[in-house]
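Working notes, structure below.
A short reminder: the numbers here are calculations on the coordinates, not readings from a lab. In this text the structure is predicted, and so the values were computed from the model without any measurement. Backbone-built Cβ (ideal geometry, glycine too); neighbour counts: all protein chains shown.
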Amino acid sequence: MPGQPQKTVIISGGTDGMGRAVALERLGRGDRVTVIGSSEDKGRALLDRAADPNLRFVRADLSSIAEVERVVADIGGQYEAIDALALFANRVSRKRKQTADGLEFTFALYYLSRYLLSHRLLPLLDAAPAPVVVNVAGVGNTAGAIRWDDPQLTRRYGPVRAQLQAARANDLLGVAFANRTATRTRYVAYHPGFTRSGVDNHDLRLVRGSLRLLARFFARPVAESVRPVVDWIDDPPRDPHTAVDRGKPLDASLKTLRPEDAERLTAYTEDLLRRHG
């Protein structure tokens, strides 16, 4: 946009839905955008749709620790600073799947990839004038919990249980990031609410049909849900950590944002990463 400096924006899960919409909106404002996604076909389709030299696509399986590290190295070789990191990557798995690292798939993709990207790219974020991380998940929802006795859900897996646990982990990720990290980077946890995004990605036909029907009548348009994300990239909040549920700022005293739980999850995550080299 006229008068706005060009920004560098990294988007995980950016070939579909809200991530894709943010990518196209930021490209329209003249930014450099790198989109990370698992589908080569969807990445190529986005490149063709945008037809913009400022767009890069990096194909990666973000459920793999090694793949996330490869992406971080790729981005580090391209840019000296990052203005914004927008985290969207997620996928529902009907049955329990184990990644190459021996981790439960939803935990690895929905939570751990976001932990790694936000922490590994922090030096590049802090090199920007007003950096921000936007984590798009389910903050404000209090359903679900971290299964501290079995975070990898080896005993009682269910797709809803896995999604809710990873969502609660992302709530705590933002708290820990702001509280423990000496950084200028602002962290925003954002729940957009039910949006017409990703309703075709469920692997059960009946569930896909139900989601499409619900989305037709009740879901918010993608453009409406991503508007705050697009705006935070230009104007990050002043506070180190901000949590917003469908336009409503949340109080830090919410039970799913307890600092002691955030510290506990961070300790578990760091130990897990040490054990995986």
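A few notes on this one:
- Here the peptides 181-191, 225-235, 10-20 are ranked by packing, the mean other Cβ count within 10 Å, and the order with the highest first is 10-20, 181-191, 225-235.
- Estimated vicinal HN-Hα couplings, Hz - the stretch 158-174 in sequence order (Karplus 6.51, -1.76, 1.60; Gly, Pro = x): x, x, 5, 4, 5, 5, 5, 4, 5, 5, 5, 5, 5, 4, 6, 4, x
- FRET efficiency estimate (nearest 0.05) - Cβ-Cβ, residue 181 to residue 156, R0 30 angstrom: 0.35
- Dividing the summed helix terms, -39500 (n - 2.57) for each DSSP H run of n ≥ 4, by the number of residues in the chain produces a 222 nm estimate of -13000 deg cm²/dmol to the nearest 500.
- For q = 0.15 Å⁻¹, Debye-computed log10 I/I(0) when each Cα of the stretch 122-191 counts as one equal scatterer: -0.57
- More than 33 Å apart - percent of Cα-Cα pairs taken over the chain: 15
- Loop-resident sites, the stretch 44-110, for GluC sites (Glu not before Pro), counting at most 10 other Cβ within 10 Å (DSSP): 80
- Residue 81 versus residue 98: modelled label distance in nm, points set 7 Å from Cα along the beta carbon direction: 4.6
- By other beta-carbon atoms within 10 Å, ranking 29, 114 with the fewest at the front produces 29, 114.
- For the stretch 71-146, the equivalent ellipsoid built from the Cα gyration tensor has semi-axes of 27, 17, 9 Å, listed from largest to smallest.
- Karplus (6.51, -1.76, 1.60) ³J(HN,Hα), θ = phi - 60°, over the stretch 40-52, in Hz, Gly and Pro reported as x: 4, 4, 5, x, 5, 4, 5, 4, 5, 5, 6, 6, 10
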